[in-house]
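J.: Below is one structure. I have some questions about it.
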Amino acid sequence: MEKIIIFDTTLRDGEQSPGASLNGNEKLEIARQLAVLGVDVIEAGFPVSSQGDFEAVKMVAKNIRGPVICGLARSLKKDIDAAYNSVKHAHRPRIHVFLATSKIHMKYKLKKAEDEILRLAVWAVKYARRKCGDIEFSPEDASRTEKEFLYKVIEAVIEAGATTVNIPDTVGYATPFEFGELIKGIKEFVPNIEKCVISVHCHNDLGLAVSNSLSAVLNGARQVECTINGLGERAGNASLEEIVMALRTRKDIFSGVRAGVNTKELCKTSRLVSKLTGLNVQANKAIVGSNAFAHESGIHQDGVLKERITYEIMRPEDVGFGETRLVLGKHSGRHAFKERLKKLGFAIKEDEIDKAFSRFKKLADKKKEIFDEDLETIIDEELTMVPEKYRLFHFYIASGDQVKPAANIKLKVDNKILESRSNGDGPVDACYKAIDKITGARGRLMDYQIRSVTSGKDALGEVSIKVASKGKCVSGRGASTDIIEASIKAYLNAMNRLSYAAKHLNGL
Ligand code: KIV
Ligand code: ZN
């Protein structure tokens, strides 16, 4: 098995993500977690860029044991000095020197000819090598560099002492087959290439960073530069978690290579990086997104409950995710619904499940995700033993700061629809008065409480009340995403209890 060196550049290229800036302590915290994750190299920063970054890289170098600690430098003396002075405290320091080699960069950015670039690259590597035994060189914008010139530069920097040559697709322009061919060409046409490790560094401008990196591995690259959550300049870099899990999940394709990363730490690392950079991970992000192991479709949930591998190619626990989440929503089926009730400890008969399931479907049409608390409320209401003499058929309210609140209520009472309207001090009072006109109960509200059963703006609200009437006091509960509807349901629940009690019980 050949090892794929995982070079993490979250703290350098990742920190170049617009909006993500990390202080020294934050970098150290992430570096600690990267060491636990088991990455091979940590590129901790670009030391010459600021005193703060210099100190941060130094702190990482002094405190983190295990991975190689690397600092980035342009091919300039002051950059190489700063990089060395910050990483020299590490057990295994590395200096990463870069210089652009594409025609576009040489002409417009550096304003230098090929000869001068070649000379500078060789000088920089030799200078860095005098300070440190582990030198990486990157011909920036390699994927847009003339092949012959690229081979020449690579050969020369290896001769000068580079131990790793990194091939960056700086602007994310390459496509997988093409990038794989580039690596193949380098292996074939650079005579001394066996003296160094070939690395790749792909940007994600076309969403191809991971594919390009994997194609490079298939063609001989043995170091992959990547970042947690795919952070990085512009659209980011190849995502570390995707690279590692692709190598592991598709061993049939990537036979003979392995990455020594502790995948169970992936989610934890992703969350830490997201928290400290302030950059959220999109829900559908592969491997670490909150939906990466969540199934909502009834067909998928049914499949996963029968046999996980029907719809899951990785085990969530292998990336530290906890367990598969079956999200109950409008696409969910009876199987998942029943399983969740079982998990919640409800032993319910089949005919009762039907009733509860149809209630669940109605709620799921109004609300995106149904939480366990929603289910408890449904079950509580569906399985109540009190017969429903009064059932809400329709309601309409008018309310506002310039109108007197009014309600129009239609109830189904013993299979007849009865209608009534009333004004009130507020919309709930108007509804209750209109209901009283139908039931003739004239209830006195002794207590009224409302609480959100679940979280979010579309939460299910539960109303609990106490109503006194004709010398009796009963409670009532109702739930809905509409609090007026929940209030009406609670009142009708209380009315049903009153009516039941009047008929069957001698007082409550
Ligand atoms: O994208 C790039 O080319 C880089 C180099 C410094 C390696 O980040
Ligand atoms: Zn980059």
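Bear in mind that the values in this text are calculations on the coordinates, not laboratory data. These numbers come from a predicted model, not from an experiment. So basically every Cβ, Gly included, is an ideal-geometry build from the backbone, and we count neighbours across all protein chains shown.
J.: Let's see if you can work this out: charge +1 on each Lys and Arg Cβ, -1 on each Asp and Glu Cβ, no other charges. What is the dipole magnitude of region 294-382 about its Cα centre, in debye to the nearest 20?
T.: Roughly 260 debye for region 294-382.
J.: Okay, moving on. Between Cys473 and Glu352, what is the label-point separation in nm under the 7 Å Cα-to-beta-carbon projection?
T.: Spacing of the two 7 Å Cα→Cβ label points: 3.0 nm.
J.: Given charges of +1 on the Cβ of Lys and Arg and -1 on the Cβ of Asp and Glu, with all other atoms neutral, how large is the dipole of the chain about its Cα centre, in debye to the nearest 20?
T.: Around 1300 debye, computed over the chain.
J.: Count the net charge of all other residues whose Cβ sits under 12 Å from the Cβ of Gly320, scoring Lys and Arg as +1 and Asp and Glu as -1.
T.: -1
J.: Also: Where the centroid of each part is defined by its Cα atoms, how far is region 211-258 from region 430-463 in Å?
T.: Region 211-258 and region 430-463 have Cα centres spaced 57 Å from each other.
J.: For region 485-496, what does the Karplus curve 6.51 cos²θ - 1.76 cosθ + 1.60, with θ = phi - 60°, yield as ³J(HN,Hα) per residue in whole Hz, taken in order and with x for Gly and Pro?
T.: Here the 3J(HN,Hα) series is 4, 4, 5, 5, 4, 4, 5, 5, 4, 5, 4, 5 Hz.
J.: Please report the spacing between the Cα centers of region 288-302 and region 56-124 in Å, no decimals.
T.: Going from one Cα centre to the other spans 44 Å.
J.: Using 0.36 nm times the number of residues separating Leu110 and Arg421, minus their current alpha carbon distance, what extension gain do you get?
T.: Length gained, Leu110 through Arg421: 103.9 nm.
J.: Any of Lys342/Lys412; Lys342/Lys367; Lys343/Lys472; Lys112/Lys195; Lys27/Lys77 with alpha carbons more than 31 Å apart? Name them for me.
T.: Check vs 31 Å cut-off fails for Lys342/Lys412; Lys343/Lys472.
J.: On to the next question. Consider all pairwise Cα distances in the chain and report the whole-number % of them above 37 Å.
T.: Within the chain, distances greater than 37 Å cover 48 percent of Cα pairs.
J.: According to a simple spin-label model (label point 7 Å from Cα along Cα-to-Cβ), what is the distance in nm between Leu76 and Asp482?
T.: 6.6
J.: Still on this model: Considering only DSSP beta bridges whose two residues both sit in region 2-277, what percent are antiparallel, to the nearest 5?
T.: Antiparallel: roughly 5 percent of the beta bridges in region 2-277.
J.: Over 29 Å between Cα atoms, which of Lys338/Lys433; Lys404/Lys466; Lys187/Lys251 qualify?
T.: In this structure, Lys338/Lys433 lie more than 29 Å apart at Cα.
J.: Can you check what the net charge comes to around Arg248, using other residues whose Cβ is under 15 Å from the Cβ of Arg248 (Lys, Arg +1; Asp, Glu -1)?
T.: -2
J.: Karplus couplings for region 315-330 from phi (6.51 cos²θ - 1.76 cosθ + 1.60, θ = phi - 60°), rounded to Hz, Gly and Pro as x?
T.: 8, x, 5, 5, 10, x, 8, x, 10, 4, 10, 9, 7, 7, x, 5
J.: In deg cm²/dmol, rounded to 500, what helix-only [θ] at 222 nm does the chain give when every DSSP H run of at least 4 residues adds -39500 (n - 2.57) and the total is split over its residues?
T.: So the calculated ellipticity at 222 nm is -12500 deg cm²/dmol.
J.: Now for a separate question. Report, to the nearest 10°, how far helix 51-63 tilts away from the longest principal axis of the Cα atoms in the chain, using its own Cα long axis and a range of 0 to 90°.
T.: 90
J.: Compute the angle between helix 24-37 and the longest alpha-carbon principal axis of the chain, please, reported from 0 to 90 degrees and rounded to the nearest 10.
T.: Result, in degrees: 90.
J.: Calculate the length of the line joining the C-alpha centroid of region 186-209 to that of region 466-489, in whole Å.
T.: 70
J.: Further question: How much length, in nm to one decimal, is gained on full extension between Arg234 and Lys103, taken as 0.36 nm per residue of separation minus their Cα-Cα distance?
T.: Fully extending the segment from Arg234 to Lys103 adds 45.0 nm.
J.: Then there's this: Given the peptides 488-497, 269-278, 413-422, arrange them by the average over their residues of other C-beta atoms within 10 Å, most packed first.
T.: 488-497, 269-278, 413-422
J.: Further question on the same structure: Please compute one quarter of the surface area of the Cα convex hull for region 285-442 and express it in square nanometres.
T.: Result: 13.2 nm².
J.: Collect residues whose amide H, placed 1.01 Å from N in the peptide plane, falls under 5 Å from the amide H of Ala259; neighbours closer than 5 in sequence don't count.
T.: For Ala259, the qualifying residues are Ile4.
J.: Give me the one-decimal nm value for the distance between modelled label points at Lys361 and Asp401, 7 Å along each residue's Cα-to-Cβ direction.
T.: Simple spin-label model gives 4.4 nm for this pair.
J.: To the nearest 20 debye, what charge dipole does region 2-277 have about its Cα centre, counting +1 at the Cβ of each Lys and Arg and -1 at the Cβ of each Asp and Glu?
T.: Here the size comes out at about 700 debye.
J.: Can you tell me the length gained on complete extension of the stretch Phe189 to Lys147, counting 0.36 nm per residue apart and subtracting the Cα distance?
T.: Stretched out fully, the Phe189 to Lys147 stretch lengthens by 14.1 nm.
J.: Can you give the % of DSSP beta bridges in the chain that are antiparallel, to the nearest 5?
T.: Counting DSSP beta bridges with both partners in the chain, the antiparallel share is about 50 percent.
J.: What does the net charge come to around Thr277 if you take all other residues with beta carbon closer than 12 Å to its beta carbon, with K and R at +1 and D and E at -1?
T.: Net of charged neighbours comes to 0.
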